[in-house]
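The structure under discussion appears below in the form of structure tokens.
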Ligand code: ATP
Ligand code: MG
Ligand code: FE
């Protein structure tokens, strides 16, 4: 099977062609980071407008780079949600237009299913598996006993991990997007500040990052009032260590309790060097296989949408041409 994937849920306009759910023939991503940087975050109206401007070119690039014809393509898969509604609509409408014009089946993909399936592009799934999802909008632990079979065992009660990174980066006056900046700065600092770790109730797989965020605000504020200077790299390193400790430990415990064969990591924060190393250390010398995608497949892209869409194609889960963007779609 050959699937064309389209992703426009946030600030990346992306299209990709994937063969048999595993082989990337092309993976084109037009990032809008530069346009949003001066506002310190994604501006929805600007995102939509850029998607409209970029979509046609990104699609042409994806088809050209893959060196395939429209006859070779079996279906069009598109992110239907969750995300920014005006951004999602651009991808959904492009996919509907193509499905109609080229007479191809249309497939709607959940953005987080995409992040999960990014793991399968280079390494086959082994069920049951545990997915740690850490992105700009989600922090979840999900058990999968089969393809497209998701059981949520834990989630954030407030901020997502990526959101916490972006907010703390703003406090440290680092440019958007903050996650990669804190990751880089952490390497220059030391874990000298004892920030809280939200373990929550005994046995809970839920997360909470708002207390940590407040602790960072207070620490910076107090230092300012006392006219003390804090090394921003130490603040970054201490914050990052707090996030990583909780993510690593809860993932490890869940992997033990549910006796999974494999642990996979999904979403933009999976690009974090500290988290990758910490998980590797924790799962080293255990029976559980840990797999983390290469960094370019952790952040938003369309290859992951095509990979997830391939499973829906095999299950013949197609959408009618009245498919609509759903900004609060649930991962069933
Ligand atoms: P969602 O996938 O939940 O809808 P999103 O698509 O906006 O949200 P992603 O693109 O998956 O999120 O990830 C973006 C997030 O990942 C941002 O919050 C960004 O700061 C964070 N991020 C990216 N790289 C790193 C890194 N190296 N360290 C920490 N965080 C990172
Ligand atoms: Mg993005
Ligand atoms: Fe994402």
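Every number here is computed from the coordinates shown, using simple stated rules; none is lab data. Because the structure is a prediction, the values reported are computed rather than measured. Heads up, the Cβs are rebuilt from the backbone with ideal geometry, glycines too, and the neighbour counts pull from every protein chain shown.
Tabulated data
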quantity	calculated
Enumeration of residues in region 75-119 that are within 14 Å of ligand 2 (Cβ to nearest atom), at negative phi, crowded, with 24+ Cβ neighbours inside 10 Å and within 15 Å of the chain's Cα centre (by Cα)	79, 111, 112, 114, 115, 118
Region 15-27, subset crowded, with 22+ Cβ neighbours inside 10 Å and more than 16 Å from residue 294 (Cβ to Cβ), residue nearest to ligand 3 (Cβ to nearest atom)	15
Any hit, region 140-154, residues being within 16 Å of ligand 2 (Cβ to nearest atom) and out of contact with any helix residue (DSSP H, G or I) (no Cβ under 7 Å at 6 or more places or on another chain)	no
Matching residues, region 121-147, being over 14 Å from the mean Cα position of the chain (by Cα) and outside any strand (DSSP E or B)	121, 122, 123, 124, 125, 126, 127, 128, 145, 146, 147
Within region 32-52, tally of residues that are surrounded by fewer than 21 Cβ atoms within 10 Å (Cβ to Cβ) and more than 20 Å from the chain's Cα centre (by Cα)	7
Of all residues making up region 120-138, the number that are more than 22 Å from residue 3 (Cα to Cα) and away from ligand 2 (no atom under 16 Å from the Cβ)	7
Residues of region 280-312 classified as out of contact with any strand residue (DSSP E or B) (no Cβ under 9 Å at 6 or more places or on another chain), more than 16 Å from ligand 3 (Cβ to nearest atom) and not in a loop (DSSP other than H, G, I, E, B), total	2
Residue in region 53-72 that is closer than 30 Å to residue 170 by Cβ, within 19 Å of the chain's Cα centre (by Cα) and in a helix (DSSP H, G or I) present	no
The lone exception for residue 67 - which of (1) away from ligand 1 (no atom under 13 Å from the Cβ); (2) touching a helix residue (DSSP H, G or I) at 6+ places or on another chain (Cβ under 8 Å) it fails	(2)
Members of region 320-332 found to be surrounded by fewer than 21 Cβ atoms within 10 Å (Cβ to Cβ) and either out of contact with any helix residue (DSSP H, G or I) (no Cβ under 6 Å at 6 or more places or on another chain) or within 16 Å of residue 96 (Cβ to Cβ) (or both), listed by number	320, 321, 322, 323, 324, 326, 328, 329, 330, 332
Filtered residue count, region 248-288, keeping only those that are more than 9 Å from ligand 1 (Cβ to nearest atom) and in contact with a helix residue (DSSP H, G or I) (Cβ under 6 Å, 6 or more places away or on another chain)	8
